[in-house]
1. Please list, in order, the residues from segment 140-161 whose amide nitrogen is less than 14 Å from a point placed 7 Å along the Cα→Cβ vector of ASN109.
2. Between segment 121-187 and segment 231-309, what is the separation of their alpha carbon centroids in Å?
3. With every protein chain left in place, what is the accessible area per residue of the chain in square angstrom, probe 1.4 Å?
4. Helix-only mean residue ellipticity at 222 nm, the chain, DSSP H runs n ≥ 4 weighted -39,500 (n - 2.57), per residue, nearest 500. What is it?
5. Would you mind checking the pairs LYS233/LYS255; LYS74/LYS296; LYS144/LYS266 and listing those with alpha carbons more than 30 angstrom apart?
6. Give the residues of segment 207-249 whose amide nitrogen is closer than 15 Å to a point set 7 Å from the Cα of LYS323 in the direction of its Cβ.
7. I'd like to compare 297-307, 277-287, 196-206, 145-155: which one has the highest average count of other Cβ atoms within 10 Å, and what's the full order after that?
8. Residues of segment 200-223 with amide nitrogen under 12 Å from the 7 Å Cα-to-Cβ point of LYS233?
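The values are calculated or read from the model by the stated rules, or taken from the named source; none is laboratory data. Just so it is clear, the structure is predicted and the values come from calculations on it, not from any experiment. Ideal geometry is used to build each Cβ from the backbone, glycine not excepted, and the neighbour counts take in all protein chains shown. The protein model used for the area step is the full one, side chains on, heavy atoms only, and it has no ligands, DNA or RNA in it. Shrake-Rupley method; radii C 1.70, N 1.55, O 1.52, S 1.80 Å.
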Amino acid sequence: MEESRIAAPIGSALDRFIKSKQDQFAYASGELSQLLRDIALASKVVNREVNKAGLIDIMGAMGSTNTAGDAQQKLDVLANIRFSRALMKGGEACALISEESESYVDLNNSGKYVIAIDPLDGSSNIDVNVSIGTIFSIYRRKSKEGTPIQDQDILQRGSEQVAAGYILYGSSTMLVYTTGHGVNGFTYEPTLGEYFLSHPDMKMPEDGKIYSVNEGSYNSFSQPVKEYIAYCKEKNYTGRYIGSLVADFHRNLLKGGIYIYPATAKDPNGKLRLMYECNALAFVAEQAGGKASDGKNRILDIQPTSLHQRTPFYVGSKKMVEKAESFG
Ligand code: AHM
Ligand code: MG
């Protein structure tokens with residue numbers, strides 16, 4: 001039997017797991033595996049920065065901050081640097097789309113993959129010790145390697161992702177990803193410096209009782225969204241909203257629930273970004289049996305027309321998303 005058909009045992013190290021699944025990739029040349037390893041490595045560095053975030057002021061007060069200024073940089077900017085460097089060094093990626101950069105960044109022209117990343121999402125939670133996350137999408141470039149990057153390489157639909165996932169810096173740090181063959185979650189063991197398989201073949205409950213939405217914006221929601229929220233209350237659902245998309249999504253993935261960031265008066269297209277926030281989580285959700293839409297259309301079918309395009313986002317347990325959509 002091929003190694004990838006055998007369920008990997010809980011406790012498998014991420015590197016070994018990636019290697020054992022390599023033949024599932026459409027182009028099993030090892031480059032996508034290397035790319036996933038690069039992302040995992042950068043996330044360990046970011047995890048270290050996140051964990052000592054509260055100490056930075058103390059270190060500053062003690063005069064022990066690094067003179068290059070690294071330690072004083074905002075964590076989201078720092079995370080962007082860490083991921084960009086890892087991807088640049090790795091050489092498998094030709095372009096990087098990031099929440100932190102206005103336009104895409106050219107990496108290695110002979111690289112085969114395009115990466116879209118939100119290096120550190122949940123900015124309002126960074127300074128207050130609440131969970132934050134990294135979100136990533138990986139696409140295969142369409143134009144020939146070695147030629148200049150084109151719009152068709154950058155503006156791909158979510159359905160064309162070859163891999164996607166997130167890192168959650170929470171009470172423990174987890175990396176969850178899919179390559180289109182189910183979803184697997186790995187927990188970071190800091191003393192060993194390695195991710196280990198802790199959540200094999202994750203499935204989102206088909207239905208749930210948790211709704212996650214910023215009700216502070218209630219007055220500017222559309223009537224159907226207001227009615228759906230009223231429905232959740234009638235049903236005595238539990239309201240849970242961390243304000244960190246990765247953390248809210250992860251909880252709902254494990255327990256069953258729905259996350260909604262709808263259009264508001266301030267943000268008529270919602271707040272979240274299609275290319276580096278919604279697509280990756282939509283891919284993970286679908287692979288786990290859940291659903292993701294903009295309230296009407298499947299997220300993964302939306303053709304992006306610009307890098308930082310926003311979309312309303314409904315994601316979570318299949319039946320809950322369908323119910324929310326049914327309000328119109
Ligand atoms: P960010 O990219 O500036 O961090 O914003 C994205 C975050 C999501 O993690 C979170 O779900 C949402 O914004 C919260 O927004 P709000 O405070 O409007 O509810
Ligand atoms: Mg973000």
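1. 144-150
2. 15 Å
3. That works out to 44 Å² per residue.
4. -9000 deg cm²/dmol
5. Beyond 30 Å: LYS74/LYS296; LYS144/LYS266.
6. What the label zone holds, given the 15 Å backbone N cut-off, is 207-213, 225-240.
7. For the peptides 297-307, 277-287, 196-206, 145-155, the packing ranking is 277-287, 196-206, 297-307, 145-155.
8. So the set is 215-216, 218-219.
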